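Novice: Take a look at this one; I'll ask things after.
Since every read-out is calculated from the coordinates, none of them should be taken as a lab result. Keep in mind that this is a model prediction, so the values were computed, not measured. Every residue, glycine as well, gets a Cβ built from its backbone with ideal geometry; the counts of neighbours run over all protein chains shown.
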Amino acid sequence: MATHSAGGLGRVLRDLGPTLLDLLHGDVGLAPEIGGVGIHDPYDEQQYPPRAIVLGAGVRGSEEIVRLLHELATHRVAALVVRGPVGDGPVGSGPVEDGEALARAVSETGIPLLALTRGASWAQLAAMLRTLLAEGDIGDSGGQTLGGVPSGDLFALANAVATLLDAPITIEDRCQRILAFSGRQDEADPARVATILARQVPDRYVRLMESRGVFREIYRSEDPVRIAPAAVGEGETALPRVAIAVRAGDEVLGSVWAAVREPLTPAREAAFKDAAKLVALHMLRHRAGADAENRLRTDLVTTVLEGGAGAPDALGRLGLANEPTLVMALGLAHRPGEDHAHVTAERQRLAGALAIHLTAVQPRSAVALLGDVAYALFPVRGEAAHRRERAVQVASDFLERTGNRTGAVIGIGSVAEEPTALARSRTNADRALRVLFERRSGAGVASITDVNTDALLLELRDLAATHGDELSAPLARLVAYDAKHNAHLVETLRAWLDAFGDVIAASASVYVHPNTFRYRIRRVAEVGCLDLQDPAARFAAMLQLRLMPSQRGGADPASGAGGGRTTASG
């Protein structure tokens, strides 16, 4: 029996053909090891990875294919994939002549020519190819991930999709057997509960869907299909459904169903379509009996984030070497009284959803949940001025899709031009994450460049606490006076400084009459012996107020995000 290396063309054809790929011309045995996936763009200067398998999306006709084969010969690519069927171009006078011209071009260039099955998605092919190559890179043929979710682990994928759509999910085969389901099924209706218990859609529900032509519509459509509530029993309540077919080329593998209370937004519909493509990859692996394992990838991400001597090698195995990368840190606050197990499960679901989201944007992204924080290695290309904005937009889109129910926030670190700088990017992502937790309101995403001053103030507060520094005399007198007389002089001073001395604005911010506020400001100067006309005194008071712990209470949820640092509450 022939064997193929993890990165060989034979391995690709063995795993993906004939479902997705057919070999038209060329010798598989002579093809070099595949080094990456490239996409041909006729309107841009091409820079392919070494020994790339090139996807010729949009290439039509034998003449165009022959010309592209000769162009690719200078790039030393491993293979070319075009959309099938092939041979309708103007090179020859018929299919035989076209086939001979293609075979001759393949022989001259040494580049095998493959055809992608009609109806198959280029995005689906690219994701599967990168998965196969990543399997060889990581060096473990038994454990791999698709979109950051353990390969074939449909339950983890169902939870990730449920988080993206904010709705309970089931993944079903063509016979309406339940392959996997997400959490939160108690939020659905009795029909869904019965389905989960039996691991099979009830016959009466299947017959009702068939009579309505629902399955036929799902399997014919490329888009999510909205399904009206279907109550079978008397007095039974039902929720609407949104379902989408899961395809691998022309083959329908099954479907994904979401029980929704409100129609999906356009963004969530798009996310559902992207998720269905990833479900197809997992179902193929699941059907083949692949047992996925995510531990090694987590170890590689950890090695990269620590920035030691092994970071460059780990980054290379993740397919992220030699390109600018930044770190995202996803955190979830533990609300008072909330069950710790529930929060832990929510973190895992969010980490899986983030992996799917980032993989759709940048396939070589890597996500791992380390402790209470999910870290993502996100490649960023293009002009330096737009890299940070791009990362912020991608993170904001993720939080918008997952909904504000989770209370998740994302800190974005600095761009690392080399592997050793990723440890610093991780530190900066942690710093931005801590600022977001301190604010407890406002935007859910922050780049370190946007909150650097706030991060420095928090670190200065930590330093003051470590040294045991006390409040300056004026502020100490105000704090003591407030405690003894139940006054509000510290609050008054803070409002006055924040408003740059504007009494009207400051008094409105603390809901008192301007005359009352003027009296309190005079008392601030008298009790604290504070010269409010002195710029240095004002600056010292403002800085001290910024460093004072606030009265909101509660531990800082991000205190462990940066490798075990302890922070003051605020």
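Novice: Long-range amide H contacts for residue 114: which residues qualify at under 5 Å (H placed 1.01 Å from N, peptide plane, sequence gap of 5 or more or a different chain)?
Specialist: It is 24, 80, 81, 82, by chain and number.
Novice: Restricting to Cα atoms and excluding each atom paired with itself, what does the Kirkwood estimate give for segment 295-462 in Å?
Specialist: About 15.9 Å, per the Kirkwood formula over Cα pairs.
Novice: One-quarter of the Cα convex hull surface for segment 473-547, in nm²?
Specialist: Value for segment 473-547: 4.5 nm².
Novice: Arranged by the count of other C-beta atoms within 10 angstrom, fewest first, what order do 122, 257 take?
Specialist: Fewest to most other Cβ atoms nearby, the residues stand as 122, 257.
Novice: Taking H placed 1.01 Å from N in the peptide plane, check which residues at least 5 places from residue 48 or on another chain put their amide H under 5 Å from its amide H.
Specialist: Close amide H contacts, sequence-distant or interchain: none at all.
Novice: Further, regarding this structure: Which percent, nearest 5, of DSSP beta bridges in segment 295-462 are antiparallel?
Specialist: Counting only bridges with both partners in segment 295-462, antiparallel ones make up about 85 percent.
Novice: Could you pull the Cα extents of segment 161-274 along its three principal axes, largest to smallest, in whole Å?
Specialist: Projected onto its principal axes, the Cα set of segment 161-274 covers 39, 26, 23 Å.
Novice: If you don't mind, another one. Dipole of segment 151-287 (Lys/Arg Cβ +1, Asp/Glu Cβ -1, origin at the Cα centre): which of 200, 257, 185 lies farthest to the positive side?
Specialist: Most positive-ward Cα: 200.
Novice: While we're on this one: By counting other Cβ atoms within 10 Å of each Cβ, how are 27, 173, 274 ranked from fewest to most?
Specialist: Listing 27, 173, 274 from fewest to most nearby Cβ atoms yields 27, 173, 274.
Novice: Based only on other Cβ atoms within 10 Å, what is the fewest-to-most ordering of 283, 542, 548, 209?
Specialist: In order of increasing Cβ crowding within 10 Å: 542, 548, 209, 283.
Novice: Would you grab the residues whose amide H sits under 5 Å from the one on residue 180? Only those 5+ places off in sequence or on another chain, please, with H modelled 1.01 Å from N.
Specialist: Long-range HN contacts for residue 180: 171.
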